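I have a structure I would like to understand better, so I am pasting it below and will then ask my questions one at a time.
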Amino acid sequence: MIRDLRLAPNQLTLLRLIFVPFIMMNVFDRHWRVALVLFVLAGISDGLDGLLARLLHQKTVLGQYLDPIADKILLSGLFLVLSLVQKIPWRYTALVFSRDICIILTAALLYTVVNFRDFRPSVLGKANTGAQVGALFFVLLNQVFPIGWIHATKRGLLWLVFALTLASGIHYTFVIGQRLKAHQTRSTKPLAE
């Protein structure tokens, strides 16, 4: 496990985690350009870690858990601080947090009770993450360049986040239900004689 931390993809994921407090501090201090640059660098590191893991054949169990955790901490944390400084209405942040907390609690419960581990993101979940990244980028960009089309894009992406968060949360419930049924069917089949 410690050896896996030294691999380049996992190092990039850890770097993304290191960016988080600095992005947040710059948002609180209203240093919008620095926050935007750090957010873009965090996004680049997210793309690179997956690419390197595939190219260098360095996919690890640690990386499979660490990468989405880093994404959630970055995105949820940024939604929170941008709401605290009144740049994102609380309704978006509350919905994003509610969905994530429900997914985490469900995953922990299913893992504990029935040893269920198949929590791959759905297509809608991935689209929701993409919309969150886009919305946060345009919220920060709008602070640097308060131009009409940037503001309109920001608002449109925030509404897309709202819709996709609801849709992906409902969809995820059905997908996990189907995966859980398949898991229980496999685990209750009698062994062939």
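Every number here is computed from the coordinates shown, using simple stated rules; none is lab data. What you see is a predicted model; the values in this text were computed from it and never measured. Reconstructed Cβ throughout: ideal geometry from the backbone, glycine too, with neighbour counts over all protein chains shown.
Roughly how tilted is helix 148-188, in degrees to the nearest 10 and between 0 and 90, from the longest Cα axis of the chain?
Approximately 10 degrees, to the nearest ten.
I've got another one for you. When the Kirkwood radius is taken over all Cα pairs of the chain, what Stokes-Einstein diffusion coefficient follows at 37 °C and 0.692 mPa s, in µm²/s? Kindly include the intermediate steps, with their values, before the conclusion.
Details: Rh = 18.2 Å.
Estimated via Stokes-Einstein, D reaches 181 µm²/s.
Could you tell me the calculated FRET efficiency between Met25 and Thr185, based on Cβ-Cβ distance and R0 = 45 angstrom, to the nearest 0.05? Can you show the working numbers first?
Numbers: r = 50 Å, r/R0 = 1.10.
The value I calculate is 0.35.
Provide Rg over Rh for region 1-98; use the alpha carbon set for both Rg and the Kirkwood Rh (inverse mean inverse pair distance).
Working: Rg = 14.7 Å, Rh = 14.1 Å.
Ratio value, two decimals: 1.04.
Also, quick follow-up: Taking region 1-40, which trypsin sites (Lys or Arg not before Pro) meet the DSSP loop condition and have no more than 12 other C-beta atoms within 10 Å?
On the way: sites: Arg3, Arg6, Arg16, Arg30, Arg33; in loops: Arg6, Arg30.
Passing both the DSSP loop test and the Cβ count: Arg6, Arg30.
So if R0 is 35 Å, what FRET efficiency would Lys59 and Thr106 give, r being the distance between their Cβ atoms, rounded to the nearest 0.05?
Details: r = 25 Å, r/R0 = 0.72.
So the FRET efficiency works out to roughly 0.90.
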